[in-house]
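Asker: To start, I am sharing the structure in question, which I have written as structure tokens.
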Amino acid sequence: MPEHLPTAAIELRGLGKRFQEGETERVVLASVDLTIAPGQFVVLLGQSGSGKSTLLHLIGGIDTPSSGSVRIGGVDLTAIDERSRTLFRRDHIGFIFQFFNLIPTLSVLENVTLPGELAGRPRSALEAAARDLLGRVGLADRAATRPDRLSGGQQQRVAIARALLHEPLLILADEPTGNLDEHTGEQVLQLLIDLTRQQGRTLIMATHNGAIADRADRVLRVQEGHLLETSSPAAAVAA
Amino acid sequence: MSQGEAPSVVRNGPLWRLAVRRWRRRPLQYLLCILGIALGVAMLVSIDLASGSAQRAFALSTDAITGRTTHRLVAIGPGGVPDSTFVELRRRFPEIPAAPVIEAYGRAEELDGELLRLVGVDLFSEAPFRGLLGGDGDGQGGRGKQGGRGFVPFLTEPGTAVIAADTAARFGLHPGAADASGTLHLDLAGRTSALRLVGSVSSDSALERRGLETLLLVDIATAQDLLAPAGAAAAPALGHIDLILEGPAQEQAIRTWLPAGLKLETAAARGNAVQQMTAAFELNLTAMSLLAMVVGIFLIYNTVTFSVVQRRSLFGVLRCLGVTRRQLFTLILGEAALFSLVGSLLGLALGVVLGRTVVGLITQTINDFYFVVSVRQISLSGFTLAKGMAVGVASALVASALPAWEAMATPPQMTLQRSSLEAGWQRLLPWFLPAAALTGGLGVLLLRWDSRDLVPAFAGLFALLMGAALLMPPVLAAAMTVLGRAGGGLGVVARLAPRDILRSLSRTAVAVAALMVAVSVIVGLSIMIGSFRGTVVTWLDQTLQADLFVSPPSTTANRVLGKVDPAIVQSVAARPDLRAMVTFNSFDVRLVDQDRDITLIAAGGDISAGRRPYAWVRPGIDDPFAALAAREGVILSEAVYLRDGQGAIPEQVRLETPDGERSFPVVAVFYDYSSDRGSVLMDRSQVAELWHDDNVASLGLFLAPGVEPEAVAADLREGFRSRQSLLVQTNGALRQGSLEIFDRTFAITGALQLLTVLVAFIGIFSTLMSLQLERGREFAVLRASGMTPFQLGRLTLLATGLMGLLAGTCSMPLGYGLAWVLVHVINVRSFGWTLQIALEPRFFVQSLLVAVGAAVLAGLYPALRLGRMNISEALRQE
């Protein structure tokens, strides 16, 4: 596996996911083909249960497809073993969830340094970088605080810092503003977009919020198991 | 509700439907809980059934012999009731039914060496008492049936016997047959006699048939022949005379007439004495089995708490939708009752199976130390089963009451928050310290209470254990906080583990406490048994100095039931290769002031050759055995006074002799770990003079220098074979045999220890599985963030290892405390033995390994499951 993937394009080929529900088989993703260029901000729109989160999970390697392949920077995530997939995720992917999912027993700083620590990177360097990131998300003074003492918006900002600290090529955000009020959601979203743009990271975001599409490079709609590329953000919202 | 308004309808059906669905989704969790309850109940029931069966077998066989007897005339001393007394009794009181009886125990090769209770009866006197031998003439006698043709040979021919029909059938014997299947070779104290089976007895009642199973009936004259030492010139004697007395007038008349050396006792008195003998032994076993139930209670509490915690949001929604507090409380307790019912039923079945396994161990110990009994099957006592069921269900309800109340009392909006339970525990933490001090203090008070009773002592012990368990939450919190901080410089896994434990304190503390209690029991019992064994080894080394020990083969470990033929004693004493010979005999004697029987040992010399250590020697006396020989007094074993709760050594003891009560000054106190009823050492000549008995049960031979013990032993075995087969043991063999009996006695304790740890293991396993379910999403985030399955497994095993380490560490002082209480309080009150506590590092190392091993083992499966988790699915859970 390459150590650095500076031009990591994302290629999905014939990606499918089916679930068995009793006697019937439910097709969540039929056969998805997609290529995303490095540094792009891609928005995935779709109704609840349309398969947006499933697609993100497949791209992130935390779920395995029923068919097809996921290639990131030339590495086929569906062809490597679980351990290699985990290490790839740890080194090259950052996750941001709707419910923040910070580890409650770790402080804010420790949450941010978590992926780096799991990779065995020196703590002093990680902490310096984490403090810098926390400063950029406006939480420099809350490094020692436990997550349950923070508001929802603050928790999501910590989650953003955690996703960015190890300088991943790809950031997967699943409804990052879905659990926040409109004002806070807007702040968090802007922060996320700004930081990923500054660092030149690829960002794939699943959301219900059509307004976000205005700021995306590409807008895709997940509908009945298929991925439809909309011509413009406005069209996506209208659809 | 306004008047006239229809009462609100409350239906629980939907709640139960939800509960059933949850059981289907989380079957393992409930199965483990059921298994925990089942094991706790099984231990209680098996011990109860096994010891109850031994008691019952003895009682049934005694009942079969007792029949309608109300009183019995017994001899004071070992000589038995003279034949002439029976003749005189019949002449003086022709209206009082009387029947002479002789009892003994032996083994027959045709019955695969099973123990038989030989009963010699006088057929002419039997009818009012037992009707056992009312045969119908075809050799198949039965109760209520009259006749006697088949029993003519029983009366007229010596060497004939009647056996239980069931036993004969089981071993392919045919009473009345002329071939080998009609003959039984009975070994009584080393003398084998052939008995011709001339009939069988049976009964319509299954219970009575069980009572008859181990009986071998012979005519009284045959019994006298079988038991009298060959060439004995003494007048024949009877074991006792059964009487049916009607009213106090007859009783008074008999008492007035009573010849010297005899006493009148009620038929029930013997059964009571037997029951008292084993009461302490059985209570000790019951307490051990209850301990498993206590550990099981922790497990039930944890399961119910978890099921409540996991459904907090559901309960919150239900409360918002109008489910009442009472309904929630009923649902949770109802679930617990249902599972405990299933667990208890399973426990009863397991208990019966386990009971069949341990009955052999318990019967062996009862035979070794208390009375002779043969148990062929366990008695299913309805009371025991009901008790097991009640304890199982009640424990589950008590354990569930707190979480059920917690769920009921929490307002709906709070119920929605998972963390409120943990927050509640954090708030409660400071209160655990005073609660632990209070419970522990109560335990100390109970233990210090100057009571002879064992129940307060065990209650004190349990209170101490509970106090220690209550201490666990703050100790665990403190330890994990320190570790969490100390691990600041370590990797993230090392930091997460203690914090994870701390975060789920309400569950982890209970699991660690359960494991600590279980392991402390191992430490405590290991120290106690190890100290006991060490004490016994030293005691045997110092006490047994003779080179050879000679006795008739015995059915018991701590006493010889037969006697050595007097001619053999004389012959052995005359051997030129002996430096010295000491003789021993023992029989029961009444300790008047305590109104109980102890063992009187007639010592013809000191088996320890002066090396015996004494617990106390009267000032001014240099050699207690010399004082014994000079008839200055007697030597007591500690149990004589310690078991009765007397702290002080008595100045003198009063014993019942055939010629009345006699007081004897106490010259010394010796250690005796062979019996828990107490014994008195007296010079043989004094015993012969006062109890008119000069029999010898065993010999201790000190060989001349250069003589080979094995050669002499072989010579003795062969030399007297035709007269009496003798058990001749070398010093080493006897010590070895004694230690084997010791180890056999504690085998059941080892089995109980293992089961207790198994329950604790299930507890910690169940906790880990529960926590894993509860925190599935958190683990999924760790995995999504790049934690490998190996790292996650390490985190789980580190957390369980830490829990095990703390449980093991805390179990060391607790185990030592337990051992101290067992040695200095329980043992002294139960058996009257003082032991020297010997601490060996292996006891502690072993406990630490058991605790950490059990915890890590319990963490393996959850760790493997976590490694295989579906991250995507777990992330969707909320």
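The values are calculated or read from the model by the stated rules, or taken from the named source; none is laboratory data. Quick caveat: nothing in here was measured; it's all calculated off a predicted structure. Using ideal geometry, Cβ is built from the backbone for each residue, glycine included, and neighbour counts are taken over all protein chains shown.
Asker: Out of the residues in segment B:632-652 that are among the aliphatic types (A, V, I, L, M), buried (at least 19 other Cβ atoms within 10 Å of the Cβ) and within 30 Å of the chain's Cα centre (by Cα), state the one that is nearest to B:R618 (Cα to Cα).
Answerer: Ranking the qualifying residues of segment B:632-652, first place goes to B:I635.
Asker: Within segment B:495-506, identify whether any single residue is in contact (Cβ under 8 Å) with a residue 40 or more places away in the chain, within 14 Å of chain A (Cβ to nearest Cβ) and surrounded by fewer than 22 Cβ atoms within 10 Å (Cβ to Cβ), and answer yes or no. Outline the logic, then answer.
Answerer: The initial filter retains those residues of segment B:495-506 that are in contact (Cβ under 8 Å) with a residue 40 or more places away in the chain, namely B:496-498, B:500-501, B:503-506.
If we keep only those that are within 14 Å of chain A (Cβ to nearest Cβ) as well, we get B:496-498, B:500-501, B:503-505.
Narrowing further to those that are surrounded by fewer than 22 Cβ atoms within 10 Å (Cβ to Cβ): B:503.
Yes, because at least one residue in segment B:495-506 is in contact (Cβ under 8 Å) with a residue 40 or more places away in the chain, within 14 Å of chain A (Cβ to nearest Cβ) and surrounded by fewer than 22 Cβ atoms within 10 Å (Cβ to Cβ).
Asker: Only one of B:L771, B:L814 is within 14 Å of another protein chain (Cβ to nearest Cβ), under 26 Å from B:A478 (Cβ atoms) and not aromatic (F, W, Y); which?
Answerer: After ruling out the rest, the residue left standing is B:L771.
Asker: Tell me, please, whether a residue that is of a type in the set (A, V, I, L, M, F, W, C) and either at pLDDT below 80 or not in a loop (DSSP other than H, G, I, E, B) (or both) can be found in segment B:202-209.
Answerer: Yes: segment B:202-209 contains one or more residues that are of a type in the set (A, V, I, L, M, F, W, C) and either at pLDDT below 80 or not in a loop (DSSP other than H, G, I, E, B) (or both).
Asker: May I pose another question? Given the conditions (1) buried (at least 18 other Cβ atoms within 10 Å of the Cβ); (2) away from chain A (no Cβ under 14 Å), and given that B:Q791 satisfies all but one, which numbered condition is not satisfied?
Answerer: Here B:Q791 clears every test but (2).
Asker: Also: Consider segment B:19-50. How many of its residues are assigned to a helix (DSSP H, G or I) and either more than 30 Å from B:Q377 (Cβ to Cβ) or hydroxyl-bearing (S, T, Y) (or both)? Before the answer, list the steps.
Answerer: Residues of segment B:19-50 assigned to a helix (DSSP H, G or I): B:19-25, B:27-50.
Right, trim to either more than 30 Å from B:Q377 (Cβ to Cβ) or hydroxyl-bearing (S, T, Y) (or both) and you get B:19-25, B:27-33, B:46.
The qualifying residues number 15.
Asker: With B:L703, B:L699, B:L716, B:L739 as the choices, which residue is out of contact with any Gly (no Cβ under 8 Å at 6 or more places or on another chain) and closer than 30 Å to B:N284 by Cβ?
Answerer: Selected residue: B:L739, the only one of B:L703, B:L699, B:L716, B:L739 that is out of contact with any Gly (no Cβ under 8 Å at 6 or more places or on another chain) and closer than 30 Å to B:N284 by Cβ.
Asker: Yes or no: B:L864 at pLDDT 85 or above, within 14 Å of another protein chain (Cβ to nearest Cβ) and in a helix (DSSP H, G or I)?
Answerer: So B:L864 fits the description; yes.
Asker: If B:A626 satisfies all but one of (1) part of a loop (DSSP other than H, G, I, E, B); (2) surrounded by fewer than 22 Cβ atoms within 10 Å (Cβ to Cβ), what's the number of the condition it fails?
Answerer: Tallying (1) part of a loop (DSSP other than H, G, I, E, B); (2) surrounded by fewer than 22 Cβ atoms within 10 Å (Cβ to Cβ), B:A626 fails exactly one: (1).
Asker: Follow-up. Name every residue in segment A:95-112 that is within 18 Å of B:R485 (Cβ to Cβ) and at the interface with chain B (Cβ under 8 Å from one of its Cβ atoms), in order of residue number. Explain how you work it out, then say what you get.
Answerer: Of the residues in segment A:95-112, the ones within 18 Å of B:R485 (Cβ to Cβ) are A:103-111.
A:I103, A:P104, A:T105, A:L106, A:E110, listed by residue number.
Asker: Let me ask something else. Given the condition in contact with a Pro (Cβ under 7 Å, 6 or more places away or on another chain), at the interface with chain B (Cβ under 10 Å from one of its Cβ atoms) and under 20 Å from A:V28 (Cα atoms), answer yes or no: does some residue in segment A:53-71 qualify?
Answerer: So in segment A:53-71, the residues in contact with a Pro (Cβ under 7 Å, 6 or more places away or on another chain) come out as A:58.
Restricting the remaining residues to those that are at the interface with chain B (Cβ under 10 Å from one of its Cβ atoms) gives A:58.
Narrowing further to those that are under 20 Å from A:V28 (Cα atoms): A:58.
Looking for residues that are in contact with a Pro (Cβ under 7 Å, 6 or more places away or on another chain), at the interface with chain B (Cβ under 10 Å from one of its Cβ atoms) and under 20 Å from A:V28 (Cα atoms), one finds at least one in segment A:53-71, hence yes.
Asker: Answer with yes or no whether B:T330 is hydroxyl-bearing (S, T, Y) and in contact with a helix residue (DSSP H, G or I) (Cβ under 6 Å, 6 or more places away or on another chain).
Answerer: The answer is no for B:T330.
Asker: Provide a single number: the residues in segment B:420-455 that are surrounded by 14 or more Cβ atoms within 10 Å (Cβ to Cβ) and part of a loop (DSSP other than H, G, I, E, B).
Answerer: Qualifying residue count for the region: 1.
Asker: Condition first: within 11 Å of another protein chain (Cβ to nearest Cβ) and either assigned to a helix (DSSP H, G or I) or free of Cβ contacts under 8 Å to residues at least 40 places away in the same chain (or both). Now tell me which residues in segment A:125-146 satisfy that. Let's see the steps before the verdict.
Answerer: As a first pass, look at segment A:125-146 and keep what is within 11 Å of another protein chain (Cβ to nearest Cβ): A:126, A:146.
Residue satisfying the conditions is A:L126 alone.
Asker: In addition: Name the single residue that is farthest from the other protein chains (Cβ to nearest Cβ) among those in segment B:469-492 being modelled with pLDDT under 85 and assigned to a helix (DSSP H, G or I).
Answerer: Looking at residues that are modelled with pLDDT under 85 and assigned to a helix (DSSP H, G or I), I get B:A486.
Asker: A further question follows. Run B:G700 past the list (1) at pLDDT 90 or above; (2) assigned to a helix (DSSP H, G or I) and report the number of the one that doesn't hold.
Answerer: All conditions are met except number (2).
Asker: Turning to a different aspect of this structure: Restricting the search to segment A:160-200, which residues are of a type in the set (S, T, N, Q), in contact (Cβ under 8 Å) with a residue 40 or more places away in the chain and in a loop (DSSP other than H, G, I, E, B)?
Answerer: Answer for segment A:160-200, where residues must be of a type in the set (S, T, N, Q), in contact (Cβ under 8 Å) with a residue 40 or more places away in the chain and in a loop (DSSP other than H, G, I, E, B): just A:N179.
Asker: A:R90 - would you say it is in contact with a helix residue (DSSP H, G or I) (Cβ under 8 Å, 6 or more places away or on another chain), facing another protein chain (nearest Cβ under 9 Å) and free of Cβ contacts under 8 Å to residues at least 12 places away in the same chain?
Answerer: no
Asker: So is B:A784 among the hydrophobic types (A, V, I, L, M, F, W, C), in contact with a Gly (Cβ under 8 Å, 6 or more places away or on another chain) and within 14 Å of another protein chain (Cβ to nearest Cβ) or not?
Answerer: yes
Asker: Consider A:L169 against the criteria (1) over 24 Å from A:S50 (Cβ atoms); (2) surrounded by 20 or more Cβ atoms within 10 Å (Cβ to Cβ); (3) over 15 Å from the mean Cα position of the chain (by Cα): it satisfies all of them except one. Which criterion is unmet?
Answerer: Tallying (1) over 24 Å from A:S50 (Cβ atoms); (2) surrounded by 20 or more Cβ atoms within 10 Å (Cβ to Cβ); (3) over 15 Å from the mean Cα position of the chain (by Cα), A:L169 fails exactly one: (3).
Asker: Here is a follow-up. If I filter segment A:154-161 for residues that are touching a Gly at 6+ places or on another chain (Cβ under 6 Å) and within 10 Å of chain B (Cβ to nearest Cβ), do I get at least one hit? Working first, answer last.
Answerer: From segment A:154-161, those touching a Gly at 6+ places or on another chain (Cβ under 6 Å) are none; that's our starting set.
Looking through segment A:154-161, none of the residues is touching a Gly at 6+ places or on another chain (Cβ under 6 Å) and within 10 Å of chain B (Cβ to nearest Cβ).
Asker: Just to be sure I understand, how many residues within segment B:794-811 are surrounded by fewer than 23 Cβ atoms within 10 Å (Cβ to Cβ) and either farther than 21 Å from A:T113 by Cα or more than 12 Å from chain A (Cβ to nearest Cβ) (or both)?
Answerer: Within segment B:794-811, residues that are surrounded by fewer than 23 Cβ atoms within 10 Å (Cβ to Cβ) and either farther than 21 Å from A:T113 by Cα or more than 12 Å from chain A (Cβ to nearest Cβ) (or both) number 5.
Asker: Give me a count of the residues in segment B:658-688 that are in contact with a strand residue (DSSP E or B) (Cβ under 8 Å, 6 or more places away or on another chain) and assigned to a strand (DSSP E or B).
Answerer: Adding up the residues that qualify gives 15.
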